[in-house]
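The values are calculated or read from the model by the stated rules, or taken from the named source; none is laboratory data. As the structure is a prediction and not an experimental result, all values here were calculated from the model. Positions of Cβ are generated from backbone atoms using ideal geometry, with glycine treated the same way; all protein chains shown enter the neighbour counts.
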Amino acid sequence: MNGFLTLVVSLISFSLTALLGKWLIPFLHNIKYGQTILEIGPSWHKNKQGTPTMGGIMFIVGILTSLIFSIPIYNFMVGVGSTIRISETPLMVTKVISGIIMSLGFGLIGFLDDYIKVVKKRNLGLTERQKMILQFTVAIAYLLSIYAVQTYYGSENSTSTMIPFLGMVNLRYFYIPLASIVIVGAVNAVNLTDGIDGLNASVTFFVSIFFMIISSFLGMFGISIVSAAAAGGCMGFLLWNFNPAKVFMGDTGSLFLGGMVCAIAFGINMPILLVPLGIIYICEITSVVLQVTYFKLTHGKRLFKMSPLHHHFEMCGWNETKICSVFSLITVIGGVIALLITILGT
């Protein structure tokens, strides 16, 4: 039953995203919403100048529409009549709805950033301070919504997280500060993974697939449906984003996907799984931190040929297709590890 629904949701998300490309890409071309390639990037990326950006709107619409359609289908299948429910508990409803709203919040921040870059012709978009304030506001609002519902229903786990082999670990007053840092860090890591054709969508597709399997194993079918929608949207977008890309997702799409990944991870209350599953995201953001730190400490020397990490491999002679393939394979390995950890440790 649930397997059928996740298949339907993923197909709707995939189909709508793919079909939207036929309309949105020419539209973005016509209004001249093209990507500006900075001088600091690889020189061969200059031929991508003008490729439409903000294409993330395609899978945002596809994912949201598929989830909206899933509600009546799920209600029919579980026999709850006209009552709008995405899962069996108020907490799961809150996690799903708040997670979607959080993702949209991050997507809106990305849209503002893209708009300033493309329309206002400010290549750096929002300032780092503006981004951080907005992102932490969205993350904390999401965490407070979940905390409020758990507290209302008398849950003892409102500030706890599940760690395989250890069980529920109560972080108490540190939960929301630490969780908000994890969310903002993860969202920006996903954003940094968007730098070459097909990379972010490929990696996030496999992350979503494994989260779908894990959440199904845990019996959290509301989160499984969200994961299926995310996977379908990524695959639909890849039809237009494979090398050579006809459209880029922009910060609009990459920040939205970052929000989705976090919503799913926190939805099953196992954000620790972001470590094996999101190993590529972690490597990407770590490479940037190490590059900047090393550059400052050595007065201009570089640890990598270029950061984020995918650009380092480009400079080493890897083509974009090879990087996507290798990074996706590493994500699959991380996904298998995350699945085994979940099965054996919970």
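Assorted remarks:
- Residues considered: 337, 323, 279, 341. Of these, the only one that is under 30 Å from residue 170 (Cα atoms) and touching a Phe, Trp or Tyr at 6+ places or on another chain (Cβ under 9 Å) is 341.
- Counting only helices (runs of 4 or more DSSP H) that fall entirely inside the stretch 229-323 and contain at least 3 residues that are among the β-branched types (Val, Ile, Thr) and within 26 Å of residue 211 (Cα to Cα), the qualifying elements are 250-267, 279-297.
- Residue match in the stretch 276-293 (condition: of a type in the set (Gly, Ala, Ser) and closer than 30 Å to residue 220 by Cα): yes
- Against the numbered list (1) within 17 Å of the chain's Cα centre (by Cα); (2) under 26 Å from residue 307 (Cα atoms); (3) hydrophobic (A, V, I, L, M, F, W, C), residue 240 comes up short only at (1).
- Scanning the stretch 212-227 for residues that are in a helix (DSSP H, G or I) and either more than 25 Å from residue 245 (Cβ to Cβ) or over 13 Å from the mean Cα position of the chain (by Cα) (or both) turns up 212, 213, 214, 215, 216, 217, 221, 222, 223, 224, 225, 226.
- Applying the condition of being modelled with pLDDT of 70 or more and of a type in the set (Phe, Trp, Tyr) to the stretch 4-52 and asking which residue is farthest from residue 308 (Cα to Cα) yields 4.
- Condition check for residue 180: out of contact with any Cys (no Cβ under 8 Å at 6 or more places or on another chain), hydroxyl-bearing (Ser, Thr, Tyr) and either surrounded by fewer than 22 Cβ atoms within 10 Å (Cβ to Cβ) or assigned to a loop (DSSP other than H, G, I, E, B) (or both): yes
- Residue 236 being of a type in the set (Gly, Ala, Ser), more than 24 Å from residue 343 (Cα to Cα), touching a His at 6+ places or on another chain (Cβ under 6 Å) and surrounded by 18 or more Cβ atoms within 10 Å (Cβ to Cβ): no
- Of all residues making up the stretch 165-175, the number that are under 24 Å from the mean Cα position of the chain (by Cα) and modelled with pLDDT under 95: 0
- Which numbered condition residue 284 misses (of (1) charged (D, E, K, R); (2) surrounded by fewer than 24 Cβ atoms within 10 Å (Cβ to Cβ); (3) in contact with a helix residue (DSSP H, G or I) (Cβ under 9 Å, 6 or more places away or on another chain)): (2)
- Filtering 221, 211 for residues that are at pLDDT below 95 and out of contact with any strand residue (DSSP E or B) (no Cβ under 9 Å at 6 or more places or on another chain) leaves a single hit, 221.
- Residue check, residue 185 under 16 Å from the mean Cα position of the chain (by Cα) and buried (at least 20 other Cβ atoms within 10 Å of the Cβ): no
- Condition check for residue 179: among the aliphatic types (A, V, I, L, M), under 16 Å from residue 251 (Cβ atoms) and touching a residue at least 60 places away in the same chain (Cβ under 8 Å): no
- Out of 152, 147, 173, sole residue that is free of Cβ contacts under 8 Å to residues at least 40 places away in the same chain, of a type in the set (Ser, Thr, Tyr), over 30 Å from residue 53 (Cα atoms) and surrounded by 14 or more Cβ atoms within 10 Å (Cβ to Cβ): 147
- In the set (1) in contact with a strand residue (DSSP E or B) (Cβ under 9 Å, 6 or more places away or on another chain); (2) assigned to a helix (DSSP H, G or I), residue 168 fails one condition alone, (2).
- Residues (under 16 Å from residue 223 (Cα atoms), at pLDDT 70 or above and of a type in the set (A, V, I, L, M)) located in the stretch 74-112: 91, 92, 93, 96, 97, 100, 101, 102
- Counted residues, the stretch 188-204 - those being under 15 Å from the mean Cα position of the chain (by Cα) and acidic (Asp, Glu): 1
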